[in-house]
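Inspection log for the structure reproduced underneath, given as structure tokens.
The values are calculated or read from the model by the stated rules, or taken from the named source; none is laboratory data. These numbers come from a predicted model, not from an experiment. Here the Cβ is made from the backbone with ideal geometry for all residues, glycine too, and neighbour counts use every protein chain on show.
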Amino acid sequence: MHLSQLPLNALRAFDATARHESFTLAAEELCVTAGAVAKQVRVLESLLGEKLVARKGPRISLTKAGAAALPRLQRGFDELLHAVADIHRAAAGPSINVAADTTFAAMWLAPRLKAFQDQGAPCRVSLISQIDSVTSTAHDVDIVISSILPRPPGFDEILLHTETFLPVMSPKIFGTLTPRTPRDILKAPLIGIDPRIEGAIKIGWEQWFARNGIIPETAPTITFVTLNILAFQAAVTHQGVILASQLLVADYLKRGDLIAPLGVEFGLDVPRYIYVRTGRFNSLVQQFTDWLIANQSGS
């Protein structure tokens with residue numbers, strides 16, 4: 001088959017149907033009707049002379065031929081996306097696209113990017129501040145910085161630093177609670193982080209209590225928010241006690257807006273990693289990662 005004969009729309013319809021195991025969900029992704037997706041898959045089957053999918057009630061399953069074809073088709077789409085990203089990159093000039101945990105991006109990385117540019121870096125840094133399993137693997141992302149996301153497929157891993165998480169509270173709650181031991185924290189209203197990211201590494205009260213040898217007799221009541229920066233605001237307004245990275249909450253502690261009454265010996269140490277897309281470790285990425293590591297102390 002010649003390249004000009006490839007039915008790209010039909011191939012996209014088959015790929016989406018195979019991933020979702022549903023014409024309906026594939027249609028939502030492609031912004032068409034389920035009937036249109038089913039028709040495109042039938043066109044592809046007719047062109048190839050092979051059944052690719054089988055309907056089992058509301059679900060769609062792959063035939064042997066469909067299952068055999070899907071991995072190479074998906075790699076082909078990946079290569080197309082890489083090619084388009086490379087074209088955009090070449091047109092835009094030297095650049096690095098960085099995805100980072102939202103609070104880390106807002107409170108640590110963004111305020112320091114100018115310093116990286118001021119040292120004569122010959123490139124533009126684009127920062128994606130909302131990170132999840134989708135943004136981290138987007139084809140234009142060169143670097144992922146995260147403490148909650150495991151290493152994405154196709155990325156190499158570099159340890160940036162280790163952050164210590166400690167209970168933090170407002171002076172008002174501290175005055176009421178006056179905690180002296182980790183067990184005293186059980187008396188407080190707790191605020192936790194639920195990033196709602198599939199496969200996210202758990203960093204929360206359960207892990208902190210276990211780290212300090214505490215098994216609550218009853219499960220503590222925890223109010224959850226999705227971002228650390230929201231938890232910080234809740235703590236400042238006396239809503240409860242949060243488990244916070246010393247690095248990210250440093251300014252709140254310096255101003256006296258929040259207090260960390262327990263010592264670092266009660267802390268939960270959490271590594272933060274730099275993930276670099278395999279094959280993208282060029283001189284610009286090297287310069288940026290070197291700068292990150294040199295400034296990792298938070299100064």
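Structure data summary
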| item | result |
| --- | --- |
| Yes/no for LEU70 being modelled with pLDDT under 90, surrounded by 16 or more Cβ atoms within 10 Å (Cβ to Cβ) and part of a helix (DSSP H, G or I) | yes |
| Any hit, the range 137-148, residues being at pLDDT below 90, of a type in the set (Ser, Thr, Tyr) and over 20 Å from LEU243 (Cβ atoms) | yes |
| Residues that are outside any helix (DSSP H, G or I), closer than 15 Å to LEU149 by Cβ and not charged (D, E, K, R), drawn from the range 96-111 | VAL98, ALA99, ALA100 |
| The lone exception for ALA235 - which of (1) surrounded by fewer than 18 Cβ atoms within 10 Å (Cβ to Cβ); (2) closer than 21 Å to PRO261 by Cα it fails | (1) |
| Close pairs (9 angstrom Cβ cut-off, 6 or more residues apart or separate chains): within 15 Å of MET107 (Cα to Cα) in the range 246-273, in a helix (DSSP H, G or I) and among the polar types (S, T, N, Q) anywhere | LEU248/THR103; LEU248/ASN228; VAL249/ASN228; LEU253/GLN246 |
| Pair list, Cβ under 7 Å, 6 or more apart: the range 19-41 residue on the phi > 0 side of the Ramachandran plot, other residue assigned to a helix (DSSP H, G or I) and of a type in the set (D, E, K, R) | none |
| Qualifying residue in the range 258-270 (condition: of a type in the set (Gly, Ala, Ser), touching a strand residue (DSSP E or B) at 6+ places or on another chain (Cβ under 6 Å), surrounded by 19 or more Cβ atoms within 10 Å (Cβ to Cβ) and part of a helix (DSSP H, G or I)) | no |
| Criterion: surrounded by fewer than 17 Cβ atoms within 10 Å (Cβ to Cβ), closer than 28 Å to PRO150 by Cα and charged (D, E, K, R) - qualifying residue of ARG196, ARG180 | ARG196 |
| Number of the exception - TRP208 against (1) surrounded by 18 or more Cβ atoms within 10 Å (Cβ to Cβ); (2) closer than 15 Å to ALA188 by Cα; (3) at pLDDT below 95 | (3) |
| Single residue of the range 162-177 satisfying the filter (farther than 16 Å from ASN228 by Cβ, in contact (Cβ under 8 Å) with a residue 24 or more places away in the chain and not polar (S, T, N, Q)) that is surrounded by the most Cβ atoms within 10 Å (Cβ to Cβ) | ILE173 |
